[in-house]
1. So residue 340 clears everything in (1) surrounded by fewer than 23 Cβ atoms within 10 Å (Cβ to Cβ); (2) under 24 Å from residue 399 (Cα atoms) except one condition, right? Which one?
2. Quick check on residue 158: is it among the charged types (D, E, K, R) and in contact with a Phe, Trp or Tyr (Cβ under 7 Å, 6 or more places away or on another chain)?
3. Taking the range 57-82 on its own, how many of its residues are under 25 Å from residue 361 (Cα atoms) and either in a loop (DSSP other than H, G, I, E, B) or among the β-branched types (Val, Ile, Thr) (or both)?
4. If we scan the range 156-167, do we find a residue that is among the aliphatic types (A, V, I, L, M) and free of Cβ contacts under 8 Å to residues at least 24 places away in the same chain?
5. Filtering the range 219-244 down to residues that are part of a helix (DSSP H, G or I) and open to solvent by 20 Å² or more (accessible area, probe 1.4 Å), which residue is nearest to residue 46 (Cα to Cα)?
6. Could you tell me whether any residue of the range 259-282 is closer than 22 Å to residue 24 by Cβ, more than 28 Å from the chain's Cα centre (by Cα) and of a type in the set (Gly, Ala, Ser)?
7. Among (1) under 28 Å from residue 272 (Cβ atoms); (2) touching a residue at least 40 places away in the same chain (Cβ under 8 Å); (3) open to solvent by less than 10 Å² (accessible area, probe 1.4 Å), which single condition is residue 383 missing?
Amino acid sequence: MRLLLHLVCTLLLLSCANCIDDPGVVIIGAGAAGIAAASRLYKNGFKNLTILEAEDRIGGRVYSLKLGDAYIDLGAQWCHGEKDNVVYELVKDLNVLNDDFFVPLFYHSKRKLIDTEFAVKMTEIFETTYGNVSTDQKGPLGEYLTTRYNEATRDAWKDDEDKLALAADCLHSFRIWVEGYEAAFSWFDVAASSIYEVCEGNSALGWNGLGYKTILDVLMEKSAKSITDKVLLNHVVKQVVRSDSKVEVKCTNGASFTSDHVIWTPSLGVLKRGYKTLFTPQLSGEKVQAIQTLGMNAVLKVGLYFPTKWWNDDFRGVVFSWAASDLQKSGEAFPYGPKTGNKSWITTIICVTSVPKSPNLLLAWLAGALVPEIEKTSDETITDGVIYTLREFMGEDYPNITRPDRVIRKNWYIDPHFHGTYSFETVESRKLGRPQAEVLGEPILSDEGKPILLFAGEATNPRHHSTVHGAIESGFREADRLIELYRRF
């Protein structure tokens, strides 16, 4: 009798152990957060993993595209900082990062090339004015920065009316630069205060032609094949259905997956457009409020490949400054493509830069409210606009500006798998007190108190939102939540 009881207890323990040791986890999204979660779980013994990816590639908003002998990043581009930056920590000994910081040329619509001293000082004002916002500052970022910018330029050129007039024209350049950095359609939508923490060190560390995809390779390391074998591409999730102890994930192609846990990693933009239909039961009012109030817009990068390089090797980038009269008449001077009032979309070009290790490639950056309409604009019109701008501003110094024969871009905002590039804190979200990224990142628990539906992604990281290191941190966070859960048994 004692032997029989011992056998029954042993079988029950083994059965329980099997359930605990092999929980099913479905990860939705194979971007930085999803791959981080998968790699962490896999290294800690979780093998029953399925990763569902809507795109036909791994990476999400990390999108490195091979062009010739190097990669161009159409999504995330730089490792922002060194201290307490998980991206930097993962690759610092691999000799893959390079300092991409440079002082751009400044060209004016009437004055043409602006002297180097002014350009250096203006770059400094851009950086310090934007980088020194107080955490307790109220209201919109745009209002605060306009005041700070005007103060900084008056201090710099108080005895030089000519330079002050030029600085006044550069305010527009500063605005679209900030809107590009925030990926916001208006800097008046962005909260001036934020709990975002800047990682100390170089904030413009590029990948030296290797592409940001390098971080995905490093995350997966020796388990790369094991993880990539678990990725199912072209699987668009249409519904996540929770029961008491299981979660079913349904895809548009008819596939269905039932698991013990689901980690949701797609962008805030996808949540904004789908939260009413994606989840059954529906999300709590508090989580919906976080989704609605946090910001998610876009910045656009357009790669222009030239068969013949017309710029010199010293050229790193150019910022365009518009005289007020030219700005207001730009829609007449270049009437093709979208515009706001009589202002053409070409006035939203933040800058045009060269690309390391890609000698025949230039990258045009665009920001602001017209980005969705620019994304719908043909490659030909975009090429016409960028080349028109380059010739109008720089033609005297570069008389042989040619047309590119190839345009490379990713339309992040109109793509239903992303609906934007990265998140930001809005004036409305800051009014709620508690960081809404924190609310968004809270897991949904089963009746037994287990995290059954977990949320990761850069938008769930209160202190490092909008960054790849923030996305990776969030993936690790949710993986660790499950690892700790099963350590208790």
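1. (2) is the only condition that residue 340 fails.
2. Taking the combined requirement at face value, the residue does not satisfy it.
3. As a first pass, look at the range 57-82 and keep what is under 25 Å from residue 361 (Cα atoms): 57-80.
Right, trim to either in a loop (DSSP other than H, G, I, E, B) or among the β-branched types (Val, Ile, Thr) (or both) and you get 57-58, 60-63, 68-69, 72, 74-78, 80.
Total satisfying the criteria: 15.
4. Looking only at the range 156-167, we keep the residues that are among the aliphatic types (A, V, I, L, M), and these are 156, 164-167.
Within this subset, residues satisfying the condition of being free of Cβ contacts under 8 Å to residues at least 24 places away in the same chain are 164-165.
Yes.
5. Step by step, filter the range 219-244, then rank; the result is 226.
6. Looking for residues that are closer than 22 Å to residue 24 by Cβ, more than 28 Å from the chain's Cα centre (by Cα) and of a type in the set (Gly, Ala, Ser), one finds at least one in the range 259-282, hence yes.
7. All conditions pass for residue 383, except number (1).
Conditions tested, residue by residue: (1) under 15 Å from residue 25 (Cβ atoms); (2) open to solvent by 10 Å² or more (accessible area, probe 1.4 Å).
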residue: 435; (1), (2): no, yes
residue: 439; (1), (2): no, no
residue: 450; (1), (2): yes, yes
residue: 454; (1), (2): yes, no
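The values are calculated or read from the model by the stated rules, or taken from the named source; none is laboratory data. Everything numeric here is computed off the predicted structure, so don't read it as measured data. Positions of Cβ are generated from backbone atoms using ideal geometry, with glycine treated the same way; all protein chains shown enter the neighbour counts. When the accessible area is computed, the model is the full protein with side chains, heavy atoms only, and any ligands, DNA or RNA have been set aside. Shrake-Rupley method; radii C 1.70, N 1.55, O 1.52, S 1.80 Å.
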